[in-house]
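Novice: Can you read through this structure? Questions will come right after.
The values are calculated or read from the model by the stated rules, or taken from the named source; none is laboratory data. Source: prediction; values computed, not measured. As a convention, Cβ positions derive from the backbone with ideal geometry for all residues, glycine included, and neighbour counts pool all protein chains shown.
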Amino acid sequence: MKTNLLLLTVIVLMTSCISKITSKQEKKQTYNVLFISVDDLNDWTGFGGGHPQTITPNMDKLAQQGVVFDKTYAASSLCGPSRAALLTGYRPSTTGVYGNAMELRDSPILKNAPTLPQWFSKHGYFSTARGKIFHKPNGQQADTISWDKWVKEVGDYGEVKKEPGFMANGIPEGEADDNFDWGPTDALFEETSDYLNAKWAADQLQKDYDKPFFLAVGIYRPHLSWNVPQEFFEKFNEEEMILPYINENDHDDIPSYAAKPSKNYFAAKKYNKQKAAVKAYLASINYADACVGIILDALAKTKYAENTIVILLGDHGWHLGDKMRYKKYTLWEEACKTPLVIKVPGLTQPGSRCPSPVNLLDLYPTLSELAGLPINTENEGNSLVPLLKDVNTEWNIPSLTTMGFNRHTVRNKKWRYISYGGVQEELYNHDVDPMEFTNLANNPKYQDVKNELAKYIPEINATPLEKVYITKRYH
């Protein structure tokens, strides 16, 4: 009798434990993903510390809720190749996608490759997007087949005033690139295309879904031209704008294959538009931040707030006169470095910062692991989940950026090494030279440093899909 009673007690206890475990499993929710991409955004954010006069309260708020990766680098310092890499998991040197004119699906490697949203859709997610996620927000380069539901972008930024023969910024036509222009517009914030993208995303977060979602929204500003509503320009005083430090002797020790000072730099200097350019870029960032705020505020008020991964990123960096250049297209720090914030409810420590160098290529395997999906073994990036769990985890993987055929740069915590086809080199010590003014590549003292970093340069580089682009850009 006692034996039967004891057995019955054990059975009851086991049943209770199993019931509790099952209950916990039932309560466990799969992560949704909110993917926010901001075009041409460098580290001029409050949390990035790149410029003291920037105003980005919404991005900064997210940064306080998640992990900031202080040394994030793009796979390429150009929109199309960068986005193709992070959304497919392949390096440009593997696919041959080096330029903006190259169609992602023209690469034999990428013709049928599952993109990040396709991978999520394949494994039970509903994917949807609007705005610039791939290289274009609309048309073929939007890669609309990647989404269960792709939504066309509409709207513009309003009109700017300009005088005949001059761009809106006052520089005579022809003396700078046509899109190197800026000015306040006559549009209301609520009429602009990025606002409409953000409002669309906010509306999607109000819906009920029968499966977890991968929701992506692209914010186009601060991509040129910097035309945003007047209210955002009014927040910045042009005369008080702080310029990046510029060393006009900087190119004396830079090899001939490197990017040269640009006509945009000389035009801005000639017509005293350097401070105006900084103001316009900051105004555009502030506009983008307002759009990001619409999305994040909407998420915070929904039932998805506690089970949605939030990713905020730029697609590469941007020069604002430093290195005597504007725009991107280079292998230097300011063009390669980009913001990255990841918030994973229940996993990431709010307000934490990761000092290890990482790459946007790492997002594909990272999000796959976080969502509990099978890992795409073709991915050439590395999952950042160990760093999300502990930002001080030992991480000895340098970050690789490619800008053109057989042109690469490798960045670890201390050094940046640049190789132009193994023919010419640059080397910078970021502990003492964060603006990369002193090229140490020809100093034999640092040969071991170069040899170690050169191990991460791809041995084989895919043939460019469009050789004309490489010729035009670099020679």
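Novice: Do we have any residue at all in the stretch 290-311 that's within 29 Å of GLU239 (Cα to Cα), touching a Phe, Trp or Tyr at 6+ places or on another chain (Cβ under 9 Å) and in a helix (DSSP H, G or I)?
Specialist: yes
Novice: Looking only at residues in the stretch 183-238 that are under 16 Å from VAL160 (Cβ atoms), part of a loop (DSSP other than H, G, I, E, B) and acidic (Asp, Glu), which one is nearest to the chain's Cα centre (by Cα)?
Specialist: GLU234
Novice: Can you list the helices (runs of 4 or more DSSP H) lying wholly within the stretch 53-148 that have 1 or more residues being crowded, with 24+ Cβ neighbours inside 10 Å and acidic (Asp, Glu)?
Specialist: Of the helices (runs of 4 or more DSSP H) lying wholly inside the stretch 53-148, none has at least 1 residues that are crowded, with 24+ Cβ neighbours inside 10 Å and acidic (Asp, Glu).
Novice: Applying the selection to the stretch 199-252, what residues are hydroxyl-bearing (Ser, Thr, Tyr) and either under 22 Å from THR185 (Cβ atoms) or touching a His at 6+ places or on another chain (Cβ under 7 Å) (or both)?
Specialist: TYR220, SER225
Novice: Further question on the same structure: Quick test of your reading of the structure: VAL33 fulfils all but one of (1) part of a loop (DSSP other than H, G, I, E, B); (2) modelled with pLDDT of 95 or more. Name the failing condition by number.
Specialist: The failed condition is (1).
Novice: Collect the residues in the stretch 220-245 that are crowded, with 16+ Cβ neighbours inside 10 Å and either at positive phi or among the aliphatic types (A, V, I, L, M) (or both), keeping them in residue-number order.
Specialist: Once the filter is applied, which keeps residues that are crowded, with 16+ Cβ neighbours inside 10 Å and either at positive phi or among the aliphatic types (A, V, I, L, M) (or both), the stretch 220-245 yields LEU224, VAL228, MET241.
Novice: Report yes if VAL217 is touching a residue at least 24 places away in the same chain (Cβ under 8 Å) and either farther than 21 Å from MET59 by Cβ or among the aromatic types (Phe, Trp, Tyr) (or both), otherwise no.
Specialist: No: the conditions fail for VAL217.
Novice: Here is a follow-up. List pairs: first residue in the stretch 158-182 and part of a strand (DSSP E or B) and surrounded by 21 or more Cβ atoms within 10 Å (Cβ to Cβ), second residue of a type in the set (S, T, N, Q) and at pLDDT 95 or above anywhere in the structure, Cβ distance under 7 angstrom, at least six positions apart or on different chains.
Specialist: Pairs found: TRP182/ASN169; TRP182/SER225; TRP182/ASN227.
Novice: Quick one: which of LYS211, LYS199, LYS207 is touching a strand residue (DSSP E or B) at 6+ places or on another chain (Cβ under 7 Å), among the basic types (Lys, Arg) and at pLDDT 95 or above?
Specialist: Checking each option against the conditions leaves just LYS211.
Novice: Count, please, the residues in the stretch 248-275 that happen to be surrounded by 13 or more Cβ atoms within 10 Å (Cβ to Cβ), assigned to a loop (DSSP other than H, G, I, E, B) and either under 25 Å from the mean Cα position of the chain (by Cα) or not charged (D, E, K, R) (or both).
Specialist: Of the residues in the stretch 248-275, 9 are surrounded by 13 or more Cβ atoms within 10 Å (Cβ to Cβ), assigned to a loop (DSSP other than H, G, I, E, B) and either under 25 Å from the mean Cα position of the chain (by Cα) or not charged (D, E, K, R) (or both).
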